[in-house]
Amino acid sequence: MGEPTFGLLGPLRVWAGGVPVRIGGPKPRAALATLLLQPGRFVSVDVLTEVLWPGGAPPSAVANVRTYVRTLRRALSAAGISAAGLRTEPSGYAFDVAPDDVDMLLFERHLDRARAARDRGDDVAALHGYESALGLWRGGVLQDVPASVVWDPGVTRLEELRATAVDECLGVRLRLRDYALLLAELRSRLTEDPLREDLWRMLVRALHDSGRTTEARSAYAEAERVLAAELGTGPSRPLRDVGEEVGGYRARRRAAAVSPTGYALTGGGTPISVCQLPMDVPDFTGRTAEIAALERLLAAADRRPVVVAMSGPPGSGKSALTVHVAHRARAAFPDGQLFVDLGGLSDRPRDPADVLAEMLRGLGVVDSTVPAERSERAALLRTRLAQRRFLVVLDDAAGGAQVRPLLPGTGGSAVLVSSRHRMPDLPAHHFSLGELPRGEARALLGAVAGPDLLDADAAGADWSLAGSGSLPLAVRIAGSRLAGRRTWTAATLADLLQDERGRLDQLQAGGLEVRASAELSYRHLPAAAATAFRAFGRLPAEPVGGWLVAVAMGGASGGGTAAAEAAEALATLADRHLVEAVGTDALGLPRYRMHDLLRCYARELADADTFTVRRRQQLRIVDALTALVRAANAATPTRFLGVFGPPADRDDSAGPAGPGAEVVRAVRARPVEWFETERRILVATVESALRLGRVTQAADLALELASFFDLRGYYGDWLRTHQLVLDAIPAPSDARAAALLRNIGQLHLYRDRYADARTSFAWARAIFKAAGHPAGEAVAAAGEGSVHRILGDLDAALATFTDALRGFREVGDRHGEAVARSAIGSVWLERRNPRAAASWLDGALGLARDLGDRHREAQVRRRVAVLHDLRGEPDLAQAELERALDIFGDLADTHCAAYVQESIGELCLRRGNAGQAAALLAGALAVQRQLGDRRAEASLACLLGELHRTTGREQTARHYFHRSLSTWRRLEAHDRAESVHAKLRALRSGPG
């Protein structure tokens with residue numbers, strides 16, 4: 001049976017055909033989780049609202065819930081999952097799903113079957129049922145979805161059911177005398193809950209009954225110590241009874257003939273007790289979860305052979321972990337342990353035939369009787385292992401073909417294989433190692449360097465771990481360097497690791513070296529994979545799309561062929577753990593991540609290329625990303641009032657050539673999601689173009705990005721990219737420089753820096769005029785007019801907006817005309833003349849709707865709401881605002897949505913709906929504070945002061961009024977400050 005379609009027992013997952021399906025953002029996922037927790041049952045809109053907005057729902061909550069359900073239906077249908085069961089009912093929804101399609105329902109069904117089998121005495125079937133049920137759990141219920149009090153009863157019930165099932169399964173294992181797995185699970189449970197006497201009793205009993213008397217006595221003594229230390233009591237009577245029985249137990253010793261060499265002998269006199277394991281790492285630290293899982297698997301070898309294949313990147317500690325686990329498991333394999341280094345990374349990996357001869361000799365077969373043919377040697381090995389319990393460790397395997405002849409066929413032996421390659425063709429349980437969790441990495445650093453050093457400089461230790469990428473080899477080297485230089489602090493090493501270009505020089509100590517470990521893997525790569533590996537040295541330190549790697553590789557083939565070659569090369573790198581496939585992005589495109597230390601090595605290799613080659617690679621990346629940004633902007637559902645680069649002769653329909661052409665269709669289908677995915681890479685690419693001396697290309701890309709930065713409120717990225725490019729232009733005088741200045745003026749305007757905004761707009765307007773660029777001049781004039789309007793100079797604002805309208809008409813820019821008409825209407829609204837404003841706003845709204853510019857439509861509707869408010873039509877005003885809020889919500893424009901929430905909240909406050917007003921205004925204030933819009937913060941704080949004064953919370957009202965007053969004063973908005981100050985004086989002079 002495959003994966004259930006819906007998974008709740010762990011992170012929320014949706015699967016279709018073995019492939020994970022992306023389900024929107026946090027709110028659609030929370031809605032889906034709520035419906036799946038009550039499959040087939042009615043869930044009201046009120047319940048969904050409580051889950052999605054626990055602090056208070058917005059006025060548009062019902063509409064938003066409908067939108068999220070539509071999002072779910074679309075996502076499920078697009079993945080080929082029938083959404084017919086997602087029913088809309090009066091005031092709510094229900095989701096009919098088959099029991100096999102939800103892991104929660106499947107878990108309960110398996111559990112019921114297990115209990116039925118247990119009750120009728122069929123423990124074998126019961127054990128299978130419990131294992132099937134518990135195997136569905138991947139973590140805590142919905143662990144990656146924000147918790148909700150609505151879910152608490154259902155989640156608690158499931159977690160309790162799981163805990164009960166685990167205990168029942170342990171009891172079945174004890175009756176079946178399945179000691180190996182039982183002991184591993186009991187120890188794991190006791191690590192989590194050491195005060196469970198029933199678990200201690202079961203552990204002591206299992207050890208006693210399996211003949212491990214000494215361990216049973218030790219376990220009972222440990223139980224006594226833990227209970228005394230934690231509870232101050234001794235064991236209860238049932239546990240004490242088991243302890244007394246174990247204390248008096250004397251196991252019968254098995255008679256065994258012993259040779260003079262110390263080997264136990266079979267009837268034929270052949271030595272079979274052999275241990276070839278290398279010495280265990282004395283300070284082995286970490287990998288707790290992996291050790292527990294490996295020991296559970298090895299314990300299952302008493303019924304059939306078990307093969308475990310462990311793979312991972314260079315330096316991940318595969319060999320150390322394999323040897324460590326082998327030492328821990330020795331007692332479970334009394335016939336012996338074999339160890340073979342397969343030399344997978346040497347120039348000549350070992351021939352399986354030679355390895356078979358070595359293994360047979362280790363099993364006591366003399367050279368003269370070792371068969372000549374490889375197949376006969378493999379058959380003899382399987383015969384020798386069939387009736388024995390050996391643990392075989394095969395280190396550094398070159399691949400599955402090398403390992404397969406070395407495996408047992410029957411019996412109770414186990415094989416641990418380590419390799420830098422994934423070996424999907426091997427009949428094995430597969431483990432992939434990566435970097436250590438931060439806590440385990442820190443423990444390893446302390447074990448090597450000494451815990452006192454870490455305690456003395458905790459921050460430096462954390463920075464050192466960041467520089468080592470938490471890779472076990474690198475952490476061990478870092479610890480060794482600290483241990484060997486007692487005058488160093490952890491911060492000293494952290495400083496040395498900050499520079500990526502010299503980082504690998506610092507990560508070497510004695511015979512340990514990260515660079516050498518990486519070089520071994522790189523040296524064995526095919527040519528295309530080696531090219532792809534070096535390409536990561538030219539890319540930002542972010543997960544990147546496979547198409548971008550293809551661009552950086554720069555093959556001579558066409559787009560499709562080059563992309564296919566890159567995909568094959570990346571698959572090779574992923575199989576050898578040199579890159580990690582990190583799933584797909586919002587567009588369904590595969591993405592890859594290279595560990596920081598491997599990327600440092602890739603950069604060293606890339607830097608070794610000639611200057612011409614390096615420059616050509618970087619320019620390919622800049623050109624491809626710029627072309628895709630233009631294609632994305634052309635398809636974005638909002639229209640930015642700016643000047644894109646290049647200002648003339650632009651072709652938005654053209655996409656990149658080569659591999660980038662393969663993703664154009666996906667980018668145009670979901671442009672905003674693509675921008676969001678690639679944002680960090682795009683910002684880094686502007687900087688890269690500047691380092692290459694391509695200021696014009698950097699300017700074009702920065703201008704293209706302004707639209708997205710404006711939509712999502714990424715003001716820091718906006719200012720950084722534009723300012724870096726402007727600083728690289730000696731004397732701004734062309735249309736590109738003017739466009740950059742105009743955009744910076746807009747950013748100053750958002751941040752209430754009105755003098756700076758006016759200077760930037762005026763400067764841009766003058767440059768556009770001198771360059772003969774009327775469209776740019778009109779755009780700059782619109783910005784300048786906004787500054788006049790905000791500062792209260794309405795005559796200047798009206799004149800400037802009129803100039804802008806004239807300029808937009810001259811060049812036939814209907815989008816710009818809609819902006820100018822709306823702006824002129826806003827001036828008449830400031831003058832409290834709704835009649836004069838109406839015609840301008842009607843014209844702007846008509847143009848926006850004709851052009852399909854939903855963002856502009858929402859902006860105009862905000863002003864139409866003000867018009868209705870001036871006319872004394874609050875219901876019509878609120879309706880317009882809610883339409884605008886829905887549009888901004890669909891476009892994910894949180895900044896504009898916060899402004900609309902403020903307006904709706906103010907309306908609710910005036911109409912006496914204090915509860916709804918409070919939720920709206922507080923939510924809007926949080927957004928504006930995050931975005932740094934101080935003017936909006938001041939306005940919202942004043943409104944919240946009014947609200948709390950109205951509801952009698954005078955102390956809270958004073959707090960908000962003071963906050964508003966100080967912000968207006970910092971903005972030098974003296975009229976607004978005086979207005980708030982008057983409210984504070986009135987509050988002080990009032991009663992109470």
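Bear in mind that the values in this text are calculations on the coordinates, not laboratory data. All values derive from a computational prediction rather than experimental measurement. Glycine gets a Cβ as well: all are built from the backbone with ideal geometry, and neighbour counts include every protein chain shown.
Positive contributions from Lys and Arg (+1) and negative ones from Asp and Glu (-1), summed over other residues with Cβ under 9 Å from the Cβ of LEU987, come out at +4. What is the distance in Å between the Cα centres of the stretch 153-232 and the stretch 282-330? Between the Cα centres of the stretch 153-232 and the stretch 282-330 lies a distance of 22 Å. The spacing between the stretch 583-631 and the stretch 695-767, judged by their C-alpha centroids, is 26 Å.
Under the convention that each Lys and Arg Cβ holds +1 and each Asp and Glu Cβ holds -1, the size of the dipole of the chain around its Cα centre is about 380 debye.
Across the chain, the mean sequence separation of Cα contacts (distance under 8 Å, 6 or more residues apart), normalised by length, yields a relative contact order of 6 percent.
I need the shape label for the chain. Rule: rounded when a/c is under 1.5, else prolate if a/b > b/c, else oblate, with a, b, c from the alpha carbon gyration tensor. It is prolate, given that a/c is not under 1.5 and a/b is the larger ratio.
Taking a straight Cα-Cα cut-off under 14 Å and skipping sequence neighbours fewer than 8 places away in the same chain, the aspartates and glutamates within cross-link reach of LYS983 are GLU946, GLU954, ASP975.
Across the stretch 880-992, the relative contact order, built from alpha-carbon pairs under 8 Å that are at least six residues apart, equals 17 percent. Geometric descriptor of the stretch 821-901, per residue, is 76 Å³ (volume of the convex hull of the Cα atoms). Can you bin the stretch 896-992 into rounded, prolate or oblate? Criterion: square roots of the alpha carbon gyration tensor eigenvalues sorted a ≥ b ≥ c, rounded for a/c under 1.5, prolate for a/b above b/c, oblate for the rest. Oblate shape, in that a/c is at least 1.5 and b/c is the bigger or equal ratio.
Look at THR5, THR489 and count the other Cβ atoms within 10 Å of each Cβ; fewest to most, that gives THR489, THR5. Overall, the anisotropy analysis places the stretch 438-517 in the rounded class: the square-rooted eigenvalues a ≥ b ≥ c of its C-alpha gyration tensor yield a/c less than 1.5. When you count the other C-beta atoms within 10 angstrom of each residue and take the mean per peptide, 57-70, 896-909, 870-883 line up highest first as 896-909, 57-70, 870-883. Quick one: Cα centre-to-centre distance for the stretch 333-364 and the stretch 1-50, in angstrom? After rounding, the separation between the Cα centres reads 49 Å. Considering only alpha-carbon pairs that sit under 8 angstrom and 6 or more positions apart, the relative contact order computed for the stretch 274-432 is 36 percent.
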